[in-house]
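Contents: one structure, followed by commentary.
The values are calculated or read from the model by the stated rules, or taken from the named source; none is laboratory data. These numbers were taken from a predicted model, which means no experiment stands behind them. Cβ atoms come from the backbone with ideal geometry, glycine included; neighbour counts cover every protein chain shown. Side chains are part of the model used for accessible areas, which takes the heavy atoms of the whole protein and leaves out ligands, DNA and RNA. Shrake-Rupley method; radii C 1.70, N 1.55, O 1.52, S 1.80 Å.
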Amino acid sequence: MPTAVIDNIEIRQGGRDGSPPPPPEGGDSDGSSGPGGDALAVSRRAYFTGLTLALGGILMFFMALTSAYIVRKGLGENWQAIALPRLLWLNTVVLLASSATIEIARRKLARAATGAFRSWWWVTTALGVAFLAGQLVAWRQMVESGIYLAGSPASSFFYVLTASHGVHLVGGIVFLFYVAFRAWSRSSISQGTAAELAAVYWHFMDGLWVFLLLLVSLGQ
């Protein structure tokens, strides 16, 4: 058999020295991340990017309301200061406490303490519901005091701002239930990532409420 033919056969079988052929270019060379590791990382980034965009939209909405509030108050026509119920400050304490409990729950989950995580997570949910209930009681107190939605520009802005925040907080409570009851074995992200997303949203809602309360209380 000619030498050239023999050489061609040896090259096709892995090289003249018998070593295996090199792997094809463009393959998955990141063995440390494990199967699907890159996909999970992309999915995690996508979820956090989506949350960031959503929070940006919410922030723009409330900044528009804030600008309208400041401009309308600056006009001075028919603007009458309203007496805010003291219950609003207690509600604020409840909401800030829920921000602390959700952070504790998230850290418990990161340490695989699922029992403690669930306990603190439900405490957070209960505090969120208590805040909304307190807001409804505060509204009722204002109505009993003769402060209505259409009573004055100041009262109208108060109801619109607090109601808008309450609606967004309801979305946060739905998110909390989702994290608690989702079948994570069939999800594209882990429960830990979802808990992080929920915590970021919840902290944002807490900070937003503090801002709104200061706005309506100091802007009288």
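What the table below lists for this structure:
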quantity	calculated
When residues of the stretch 172-189 are limited to those that are in contact (Cβ under 8 Å) with a residue 12 or more places away in the chain and open to solvent by 30 Å² or more (accessible area, probe 1.4 Å), the one nearest to the chain's Cα centre (by Cα)	PHE175
Only one of PHE204, PHE181 that is of a type outside the set (Lys, Arg) and at pLDDT 95 or above	PHE204
Out of SER152, SER164, sole residue that is open to solvent by less than 40 Å² (accessible area, probe 1.4 Å) and at pLDDT below 90	SER152
Flag for VAL143 being out of contact with any strand residue (DSSP E or B) (no Cβ under 8 Å at 6 or more places or on another chain) and surrounded by fewer than 16 Cβ atoms within 10 Å (Cβ to Cβ)	yes
The lone exception for LEU132 - which of (1) at pLDDT 95 or above; (2) within 16 Å of the chain's Cα centre (by Cα); (3) open to solvent by 30 Å² or more (accessible area, probe 1.4 Å) it fails	(2)
Residues within the stretch 91-122 that are loosely packed, with under 15 Cβ neighbours inside 10 Å and either more than 26 Å from the chain's Cα centre (by Cα) or within 30 Å of VAL143 (Cα to Cα) (or both), tallied	1
Number of the exception - ARG86 against (1) surrounded by 12 or more Cβ atoms within 10 Å (Cβ to Cβ); (2) of a type outside the set (A, V, I, L, M); (3) more than 19 Å from the chain's Cα centre (by Cα)	(1)
Residues of the stretch 60-83 that turn out to be within 24 Å of the chain's Cα centre (by Cα) and either touching a residue at least 12 places away in the same chain (Cβ under 8 Å) or under 24 Å from ALA138 (Cα atoms) (or both), as a count	5
From the options LEU136, LEU127, residue that is free of Cβ contacts under 8 Å to residues at least 60 places away in the same chain, of a type in the set (A, V, I, L, M) and within 30 Å of GLN80 (Cβ to Cβ)	LEU136
Close pairs from the stretch 199-220: first open to solvent by 30 Å² or more (accessible area, probe 1.4 Å), partner hydroxyl-bearing (Ser, Thr, Tyr), Cβ under 6 Å, at least 6 apart	HIS203/SER99
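Each row is one residue, and each column tells you yes or no for (1) closer than 19 Å to VAL174 by Cα; (2) in contact (Cβ under 8 Å) with a residue 12 or more places away in the chain; (3) in contact with a helix residue (DSSP H, G or I) (Cβ under 7 Å, 6 or more places away or on another chain); (4) not in a helix (DSSP H, G or I).
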residue	(1), (2), (3), (4)
PRO85	no, yes, yes, yes
ASN91	no, yes, yes, no
TRP120	yes, yes, yes, no
VAL123	yes, yes, yes, no
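Yes or no, residue by residue, for (1) modelled with pLDDT of 95 or more; (2) in contact with a Cys (Cβ under 6 Å, 6 or more places away or on another chain); (3) over 19 Å from SER164 (Cβ atoms):
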site: MET63; (1), (2), (3): yes, no, no
site: VAL71; (1), (2), (3): no, no, no
site: GLU77; (1), (2), (3): no, no, yes
site: LEU84; (1), (2), (3): no, no, no
site: GLU103; (1), (2), (3): yes, no, yes
site: SER119; (1), (2), (3): yes, no, yes
site: LEU127; (1), (2), (3): yes, no, yes
site: GLY146; (1), (2), (3): no, no, yes
